[in-house]
Amino acid sequence: MSASPDRRNVRVLVFAASLRRASLNRRLAELAAAVVEEKGGTPERAAMADFDCPSYSGDVEQEGGVPAGAQRFRERLAAAHAFIIAAPEYNASMPGCLKNAVDWASRIRPQPFNGRQGMLLSASPSMAGGNRGLWSLRVPLEHLGARLYPDMFSLAQAHEAFDGAGRIKSPVLQERFERTIECFLELVEAATHYRPLKKLWVENLGEHPSAATDRVEHTTLSG
Ligand SMILES: Cc1cc2nc3c(=O)[nH]c(=O)nc-3n(C[C@H](O)[C@H](O)[C@H](O)COP(=O)(O)O)c2cc1C
């Protein structure tokens, strides 16, 4: 990896959306965190277990509020300028534990995804690397106002892809991985420090405004 550039502080929450001890996505998330650091950012590592929640229920929410896992998720998102999630693909979609945590966290105000920069990664033993799951994950996150980076890195045949030091064996893929994360960091740095985002979040932008149904929020992301 190349030397650290002179980058203004960019804090990135990094976690894998797998609860499995030997998770391939955890290895990819750890590599992403190392690259963030190498490129001058500050990785804030977390684990899916930190954010895991009981299945969403309106009754549970009404009786006991938002569970601790979702509160932690919101706090860690709010403390970072951006997030990177390495998510497994389950049946061509995202893992239920992640969708559940997103749903719970979306109940908190200010809603923590709005205006936040995000990047999606996946790792799978399959040839497609779990990429279909990331397209499904974009839907709720973008619905909630996250600014998702267009490029998604899906590591195919991930069970054979890492070397003993946790890097991607293929030098070409390792270089692409580093370059993609570096470009993401450049965007996050610009969005955070040079053009502070003031973003209005309206759940359904073209719907007739109504106090009874509107979910509208203003968010400012400051350095
Ligand atoms: C319920 C289930 C569904 C899965 N569906 C897919 C799938 O649609 N596509 C895929 O590439 N892998 C699929 N897999 C395989 C996972 O990608 C593989 O187990 C991966 O290692 C899980 O991520 P992890 O290692 O980070 O825990 C599935 C695994 C499970 C348990």
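The values are calculated or read from the model by the stated rules, or taken from the named source; none is laboratory data. Bear in mind the structure is a predicted one, so any value in this text is a computation, not a measurement. Every residue, glycine among them, receives a Cβ derived from its backbone with ideal geometry; neighbour counts consider all protein chains shown. Just so you know, the surface numbers come from the protein's heavy atoms only, side chains and all, with ligands and any DNA or RNA stripped out. Shrake-Rupley method; radii C 1.70, N 1.55, O 1.52, S 1.80 Å.
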Exercise for the section: Quick one: which residue in E89, E30, E61, E38 is of a type in the set (D, E), in contact (Cβ under 8 Å) with a residue 40 or more places away in the chain and surrounded by fewer than 15 Cβ atoms within 10 Å (Cβ to Cβ)? Expected result: E61
Handout entry: F73 within 23 Å of L155 (Cα to Cα), aromatic (F, W, Y), touching a residue at least 24 places away in the same chain (Cβ under 8 Å) and buried (at least 17 other Cβ atoms within 10 Å of the Cβ)
Key = no
Practice task
Identify the residue in segment 92-114 that is in contact with a Pro (Cβ under 9 Å, 6 or more places away or on another chain) and charged (D, E, K, R) and, among all such residues, is surrounded by the most Cβ atoms within 10 Å (Cβ to Cβ).
Solution key: K99
Fill in the blank from the handout: Here the residues within segment 76-86 that are open to solvent by 40 Å² or more (accessible area, probe 1.4 Å) and either at pLDDT below 95 or in contact with a Leu (Cβ under 8 Å, 6 or more places away or on another chain) (or both) are R76, A79
Exercise for the section: Would you be able to say whether some residue in segment 46-53 is open to solvent by less than 40 Å² (accessible area, probe 1.4 Å), closer than 30 Å to V172 by Cα and touching a residue at least 60 places away in the same chain (Cβ under 8 Å)? Expected result: no
Practice task
Go over the candidates P140, P125, P88, P110 one by one and state the one that is part of a loop (DSSP other than H, G, I, E, B) and away from the ligand (no atom under 15 Å from the Cβ).
Solution key: P110
Exercise for the section: Among the residues of segment 143-168, write down those that are more than 18 Å from M94 (Cβ to Cβ), of a type in the set (A, V, I, L, M) and more than 16 Å from the ligand (Cβ to nearest atom). Expected result: A165
Practice task
Scan segment 154-161 and give yes if some residue there is of a type in the set (A, V, I, L, M, F, W, C), open to solvent by less than 30 Å² (accessible area, probe 1.4 Å) and part of a loop (DSSP other than H, G, I, E, B), otherwise no.
Solution key: yes
Problem - Out of R179, R132, sole residue that is in a helix (DSSP H, G or I), more than 27 Å from V10 (Cα to Cα) and open to solvent by 30 Å² or more (accessible area, probe 1.4 Å) - result: R132
Practice task
Take A32 and decide whether it is over 15 Å from L155 (Cβ atoms), touching a Leu at 6+ places or on another chain (Cβ under 9 Å), within 15 Å of the ligand (Cβ to nearest atom) and not in a loop (DSSP other than H, G, I, E, B).
Solution key: no
Fill in the blank from the handout: Note on segment 35-82: residues assigned to a helix (DSSP H, G or I) and among the charged types (D, E, K, R) are E37, E38, D50, D59, E61, E63, R72, R74, E75, R76
Handout entry: Condition check for F184: touching a Lys or Arg at 6+ places or on another chain (Cβ under 8 Å) and modelled with pLDDT of 95 or more
Key = no
Handout entry: Every residue from segment 6-27 that is in contact with a strand residue (DSSP E or B) (Cβ under 6 Å, 6 or more places away or on another chain), open to solvent by less than 10 Å² (accessible area, probe 1.4 Å) and away from the ligand (no atom under 13 Å from the Cβ)
Key = V12, L13, V14
